[in-house]
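Following: one structure in structure tokens, then a few remarks.
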Amino acid sequence: MELMQPQFKRAQTPTLDFTTETGFQSPAHDYRVKSLSLDELLIRSPAATFFVRVDHSDIDGIEREDILVVNRAHALVDGRVAVMVIDGEFALRRLRRYGQTWLLQTDTITQQQKIDETMICWGIVDAVIRTCWS
């Protein structure tokens with residue numbers, strides 16, 4: 001995995017507003033444009049957020065070359081995907097909690113692994129960014 005620290009430029013990207021309204025719409029309705037900041041949409045803790053480019057994934061919904069928005073300030077949450085350090089290597093694992101025990105799993109291997117003191121939760125995945133071209 002390749003780690004990258006985000007550059008915050010606060011660029012506002014135009015977006016179209018497709019809200020549904022009842023009754024007569026204004027003639028200017030087709031021209032309504034709002035702005036959207038991807039920083040505000042994807043990043044909850046700027047000082048603790050990193051981008052991670054995926055080189056291999058066993059997690060459904062995350063593919064090679066995806067960019068993960070990883071929050072290092074986030075607490076463990078059941079069902080969320082975490083960037084773990086296992087045996088000195090970065091790995092993506094889904095977190096599962098059973099009582100007081102936290103387990104790690106992949107979506108391709110049915111075996112679960114108990115979190116122990118040698119493993120580090122480096123961060124929790126908040127979002128996945130994927131390009132639509134190859």
> Using the count of nearby Cβ atoms within 10 Å as a rough guide to exposure, how do Arg93, Arg130 rank from fewest to most?
Replying inline: Arg130, Arg93
>> Using a 7 Å offset from the Cα along the Cα-to-Cβ direction at both Leu42 and Asp116, what is the distance between the two label points in nm, to one decimal?
In response: 3.6
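Quick note: the coordinates plus some simple rules give every number you see, no bench work behind them. Here the structure is a predicted model, which is why all the values come from computation and not from measurement. Ideal geometry is used to build each Cβ from the backbone, glycine not excepted, and the neighbour counts take in all protein chains shown.
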